[in-house]
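These notes are about the structure you will find just below.
The values are calculated or read from the model by the stated rules, or taken from the named source; none is laboratory data. Quantities reported herein were computed from a predicted structural model and do not represent experimental measurements. Please note: Cβ atoms are built from the backbone with ideal geometry, for glycine as well, and neighbour counts cover all protein chains shown. SASA here: full protein model, heavy atoms, side chains in, ligands and nucleic acids out. Shrake-Rupley method; radii C 1.70, N 1.55, O 1.52, S 1.80 Å.
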Protein chains: 2
Amino acid sequence: MTKTKRVTSYDVAKIAGVSQSAVSRVFQKGRSVSKKTREKVLATANDLGYQPNAIARMLITKRSGMVAVILSSRVNLIYPEVLSLLNKRLSEKDERVLLFNLDDAAGLDDILEHIWTFQLDGVIAIAAHFDNESINKFKKHQIPVVLYNRRVAGHSASSVCCNHEQGIFELVDILDNFDHKNYLVISGPTESDVALERCELAIRALANKGYKNVPVQYGDFTYKSGRHAFSEYMASHPPPTAVICGNDTMAIGVIDEARKNFGLRVPEDLSVVGFDGVNAVFWHSYQLTTIKQPVEQMTKSAVDILLEQIASPENPPQLRVWSGALIEGNTVGPARNEK
Amino acid sequence: MTKTKRVTSYDVAKIAGVSQSAVSRVFQKGRSVSKKTREKVLATANDLGYQPNAIARMLITKRSGMVAVILSSRVNLIYPEVLSLLNKRLSEKDERVLLFNLDDAAGLDDILEHIWTFQLDGVIAIAAHFDNESINKFKKHQIPVVLYNRRVAGHSASSVCCNHEQGIFELVDILDNFDHKNYLVISGPTESDVALERCELAIRALANKGYKNVPVQYGDFTYKSGRHAFSEYMASHPPPTAVICGNDTMAIGVIDEARKNFGLRVPEDLSVVGFDGVNAVFWHSYQLTTIKQPVEQMTKSAVDILLEQIASPENPPQLRVWSGALIEGNTVGPARNEK
DNA sequence: GTATATTTTGCATTCGAAGTCATTATTAAG
DNA sequence: CTTAATAATGACTTCGAATGCAAAATATAC
């Protein structure tokens, strides 16, 4: 029942026989304090169990030491990995992660309200949909943003992206070299910018090879939706020989559906490629050929850029693009072109 | 270059022709303000784009509106789901999530330091290892904690757990009914409390059925480690007929290893069970028989308990245990008992 | 109409550390 | 040993909202 009051810098000051300013200075780096007082203060601080109150510090310094990470969660198996790495990198730079889930009932506006009031140092938005209007709000509130895998028109915000073009083109090249002619694209949901980008690139890459009007089915990045998209297509079309999927999870769904409900062998009868390089692509039952998103570099860049923008807000927005690496699995083979 | 100053309650007060207190009261619920002033204030606040500064509020109210979630990440596919649900539930109660990853170089102590200085409202620790010493620190700092899937000796902290005993016993019952006699347990890493608990329960459940000295291999909850543990065991023992795994991901690894490198069919030659109920257990290539952790209820309870503790810190710690649900897959069958 | 109860209001203070500035102690240079 | 330069220190103010309290305004009862 003892409502222990917090130990403040004043308490320490009094006991150590110095001023509050002195105590404060001891807990800041690069401030001149004599060795004698520093030791005195540190000793009594330790005795009393004193630690500077971060909230009070935030109020006066106007830096919260917190970065918001906005996540459109669940959608993709790779996000947990991204989040974990971002957290790690930010911690190293002494920034905490305040997490926001965008897919909850509460929309973006709701999240933004919170971001303003919390005086965050910056924001990293993972594949969330931001239009220029939102970006302008950040400008107005003078909070740096870095978009992850999302570019915004006119380069008005910094972003770190996977080079989807390079990745998709590489996959299409491989398929084309195997003489595939009957393609199916299974895209992620139209609300997702990443999904749209990958889908358009696939269509463009195929067009370059001379394949126009490639059919597209839409899923929502989940396993189930991959299966469903494939069976939907099969219900009214002759089987394709190659399927290009918007992400790995759907690709795995396609493989299972093809094998189970259509008796197709992968890769003998059907080639399948995905995107992302999640752990499951290495599982023996799938061994998916896909592109690994360079998560390490991307998260590092995102944090670097963000910190730069925090330090020098007047710097122009940056764009950094990283190429993914091909994972050569076992789901691509020569086309079975029947005639 | 215009360093726009933040709009404060004083600014609004001056323009609206009221006192700062009045402005403050408008933005708190359950405070008496006349309709007239409320409207005036709200109008000018809107004009100026004023929003209360959360940091200043935290300082005076001593509530940060933030809850720390400590995650031992990566280890388990189910954590992202847990995190996402916790975030959602906490947002509904107007608490933000400050995320900490325990497996980074920075250890628990480092995280705790931050927790004290941030004056957090509470902490939810997901399967992190907390000893009584750590719990006592929380008591000293008067910060409520809820442990997720982790009990601490002497009920000194609240926790929400999956009923691993019921789950494991149910799985063992099923295997026993299929007349299995040669078991192998593949446990998660010894640093993990959940892993240890599941492993011990499996051993106890088997002992109840008369099987003593059941062999145990250790993995680290990953797919690879599941495969490796199984092949290690097979290298020097006759094949078991049933494998009980510490989680789903390792179970999937075992299935792949058994099929690929030992030509065993699942479930005809080998029965495999897991634990957690991650999405991948439904994938057609596996269809794992497992126990689904009741994540919905567990996260709800965790948040409920935490908020109760925040509201009434003097209340005793609570323990809530939820039973998992059996997922009847296709990886368990009659034992192939050769003699 | 007055007297009493109730709601609104503003003043002044508080939360806890950090920054400004003038003053004092210490060191280096001559 | 004096003078100049530098380092260390404390008093006071600041950040921005919330709150206890007394005064003022409004509502209710008689």
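Side notes on the structure shown:
- Taking amide H as placed 1.01 Å from N in the peptide plane, B:G277 has its amide H under 5 Å from the amide H of B:D248, B:I291, B:Q293, each at least 5 places away in sequence or on another chain.
- Straight-distance crosslink candidates among lysines, where the alpha carbon sits under 24 Å from A:K292 and sequence neighbours closer than 8 are dropped: A:K88, A:K209, A:K224, A:K300, B:K224
- Computed on protein heavy atoms with a 1.4 Å probe, the accessible areas place A:L77, B:L306 in the order A:L77, B:L306, largest first.
- Label-to-label distances for A:S21 across copies, nearest first, come out at 3.3 nm, using points 7 Å from Cα in the beta-carbon direction.
- With the charge dipole of chain B set up from +1 on Lys and Arg Cβ and -1 on Asp and Glu Cβ about the Cα centre, the Cα lying farthest toward the positive end among the listed residues B:P238, B:S19, B:Y79 is that of B:S19.
- For B:K36, a cut-off of 19 angstrom between C-alpha atoms picks up these aspartates and glutamates, skipping any fewer than 8 places away in its own chain: B:D11, B:D47.
- Within the protein assembly as shown, the percentage of alpha carbon pairs spaced more than 47 angstrom apart rounds to 25%.
- For trypsin sites (Lys or Arg not before Pro), the sites in the stretch A:1-53 that DSSP calls loop and that have at most 10 other Cβ atoms within 10 Å are A:K3, A:K5, A:K29.
- Label distances, nm, A:Q318 versus same residue in remaining copies, Cβ-directed 7 Å point: 4.8
- For A:R63, the accessible area of its heavy atoms, probed at 1.4 Å with every protein chain present, is near 120 square angstrom.
- DSSP beta bridges confined to the protein assembly as shown are antiparallel in about 10 percent of cases.
- Reported to the nearest whole Å, the Cα centre-to-centre distance from the stretch A:1-56 to the stretch B:144-164 is 35.
- Modelled spin-label separation between A:Q166 and B:N213, with each label point placed 7 Å from Cα along the Cα-to-Cβ direction: 5.8 nm.
- Entry note: the stretch A:164-293 has Rg to Rh equal to 0.92, where both radii use alpha-carbon atoms and Rh is the Kirkwood radius.
- Cα-based shape type of the stretch B:1-152, given that a ≥ b ≥ c are square roots of the gyration tensor eigenvalues and the cut on a/c is 1.5: prolate
- Residue-count net charge about B:G277 - beta-carbon cut-off 12 Å; Lys, Arg +1, Asp, Glu -1: -4
- The spacing between the stretch B:190-220 and the stretch A:186-240, judged by their C-alpha centroids, is 45 Å.
- FRET efficiency, 1/(1 + (r/R0)^6) with R0 22 Å, evaluated for A:R63 and A:K140 via beta carbons: 0.70
- DSSP loop GluC sites (Glu not before Pro) with at most 15 other Cβ within 10 Å excluded, longest remaining stretch of chain A: A:1-190
- Distance between modelled label sites at B:K36 and A:T190, nm, 7 Å Cα→Cβ extension: 5.4 nm
- Note on the protein assembly as shown: helix-only mean residue ellipticity at 222 nm, from DSSP H runs of 4+ residues weighted -39500 (n - 2.57) and normalised by residue number, equals -13500 deg cm²/dmol.
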